[in-house]
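See below for the structure under consideration.
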Amino acid sequence: MTVPANSLPSDQIGRAILLTLVTIIVFGIQDAVSKMLVQTYSPFLITMMRYWGFAAFALFMVARQAPLRQALVSRAPGWQVLRGVLLIADIWFFALALQTVPLGELQAIVIVYPLLVTLFAIPILGEKVGVFRFAAVGAGFLGALIIMRPGGIPLDWGVAYALASAAFYAIYIVITRKVSSVDSAATSLTYIALVGLVLSSCVGVFFWEPMAWGDFALVVVIMATTCAGHGVMVYALTMAPASVLQPFNYFSLPWAIILSIVVFGHWIDAISLLGASVIVAAGLVVMWRERTRKVKVVKEEAVPGHE
């Protein structure tokens, strides 16, 4: 049975929130460094080298808990492989979007993924979504349209890549929920590491080119931030439920705007910032409704004789 968040020590939840914010800072730095590199090198090459670091970290974490052969045993291998494909597709399209879309606006667009999760959960998980949550999702998409309005960010392939990245990541999350009921976290992590490693390498190798030492050092930074970010995130999730920490992921938006200004000298305009605020507000509403629903289920399960 799920442990209610209010039963956890407040200091433990506080540390988990702090670690979540640290994770966002680390991943934001990774995105900024990636944006520098994809101006010169293929996004597929950078993604391949980034995935080398992630796969090494993921397989190391799994091997500490159980033999990899055991972790590969899955009750839903097809869904697990699809998860791996979706995650690497998400990273590919995000890297492609980094080439042309400013960091702040890019983060504002892809942050619609929690709203997309609500929609994709209907056909994939059979969830029922009420009028209230549908209205919140509609408001979030309105915010995205404000950002992509005429006179806003240029409507090029970069915007399409950003939307595709958000969609692939949302489907990945929904399928992750689906397989979590039949497979362990170690199995899920092993599959996304191996599938992503194979796919990113099979494609990235065709874009291989020599790198200057300074650029290679930046690739090492990406690998290091990948491992550090995921390590801190995993540790945070051992201290508090994902439902408690998820709203704080929206800190990635102001952090991306700050990095965009400081590193690239790009300021997000006021109207785009308004659209981003609408997306965040809608996402928080959806999360609040989802958490309320889960708390209600937990309370019902705690009632003696309830089935």
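List the number of the failed condition for Trp79; all other conditions in (1) in contact with a Lys or Arg (Cβ under 9 Å, 6 or more places away or on another chain); (2) at pLDDT 90 or above; (3) of a type outside the set (Gly, Ala, Ser); (4) loosely packed, with under 15 Cβ neighbours inside 10 Å hold.
Failed condition: (4).
Looking at Ile268, Ile257 in this structure, which one is in contact (Cβ under 8 Å) with a residue 24 or more places away in the chain and either assigned to a helix (DSSP H, G or I) or of a type in the set (S, T, N, Q) (or both)?
Of the residues listed, the single one that is in contact (Cβ under 8 Å) with a residue 24 or more places away in the chain and either assigned to a helix (DSSP H, G or I) or of a type in the set (S, T, N, Q) (or both) is Ile257.
Every residue in segment 105-122 that is touching a helix residue (DSSP H, G or I) at 6+ places or on another chain (Cβ under 9 Å) and either among the acidic types (Asp, Glu) or over 17 Å from Gly275 (Cβ atoms) (or both), please.
Within segment 105-122, Glu105, Val117, Thr118, Leu119, Phe120, Ala121 meet the criteria.
So Val262 fits all but one of (1) closer than 25 Å to Ile109 by Cα; (2) among the hydrophobic types (A, V, I, L, M, F, W, C); (3) in contact with a helix residue (DSSP H, G or I) (Cβ under 8 Å, 6 or more places away or on another chain); (4) in a helix (DSSP H, G or I); what number is the exception?
Of (1) closer than 25 Å to Ile109 by Cα; (2) among the hydrophobic types (A, V, I, L, M, F, W, C); (3) in contact with a helix residue (DSSP H, G or I) (Cβ under 8 Å, 6 or more places away or on another chain); (4) in a helix (DSSP H, G or I), only one is false for Val262: (3).
Where in segment 41-140 are there helices (runs of 4 or more DSSP H), lying fully within it, with 1 or more residues that are farther than 20 Å from Ile192 by Cα? If you could, list the steps in order and put the result at the bottom.
Numbers: elements: 43-65, 68-71, 77-98, 103-110, 113-125.
So the answer is 77-98, 103-110, 113-125.
Can you list residue pairs whose Cβ atoms sit under 8 Å apart, with the first residue in segment 120-142 being without any contact (Cβ under 8 Å) to a residue 60 or more places away in the chain and the second being surrounded by fewer than 13 Cβ atoms within 10 Å (Cβ to Cβ) and of a type in the set (D, E, K, R)? Count only pairs 6 or more apart in sequence or on different chains.
Note: pairs meeting the criteria are Ile122/Lys128.
If you check Ala240, Ala193, which single one turns out to be small (Gly, Ala, Ser) and not in a helix (DSSP H, G or I)? Break it down into steps so the answer makes sense when it comes.
Numbers: Ala193 fails: not in a helix (DSSP H, G or I).
Sole residue among the options that is small (Gly, Ala, Ser) and not in a helix (DSSP H, G or I): Ala240.
Would you confirm whether or not segment 147-169 contains a residue that is β-branched (Val, Ile, Thr), surrounded by fewer than 21 Cβ atoms within 10 Å (Cβ to Cβ) and within 26 Å of Ile109 (Cα to Cα)? Show your work before the answer.
First, pick out the residues of segment 147-169 that are β-branched (Val, Ile, Thr): 147, 153, 159.
The next check asks that each one be surrounded by fewer than 21 Cβ atoms within 10 Å (Cβ to Cβ); those that pass are none.
Scanning segment 147-169 turns up no residue that is β-branched (Val, Ile, Thr), surrounded by fewer than 21 Cβ atoms within 10 Å (Cβ to Cβ) and within 26 Å of Ile109 (Cα to Cα).
For every residue, the table says whether it meets (1) in contact (Cβ under 8 Å) with a residue 24 or more places away in the chain; (2) β-branched (Val, Ile, Thr); (3) touching an Asp or Glu at 6+ places or on another chain (Cβ under 9 Å).
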| site | (1), (2), (3) |
| --- | --- |
| Tyr191 | yes, no, yes |
| Leu194 | yes, no, no |
| Cys202 | no, no, no |
| Trp213 | no, no, no |
| Phe216 | no, no, no |
| Thr226 | yes, yes, no |
| Gly229 | yes, no, no |
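Somewhere in segment 94-106, is a residue surrounded by fewer than 23 Cβ atoms within 10 Å (Cβ to Cβ) and closer than 16 Å to Ala167 by Cβ?
The answer is yes; a qualifying residue exists.
The values are calculated or read from the model by the stated rules, or taken from the named source; none is laboratory data. None of the values given here were measured: they were computed from a predicted structure. Heads up, the Cβs are rebuilt from the backbone with ideal geometry, glycines too, and the neighbour counts pull from every protein chain shown.
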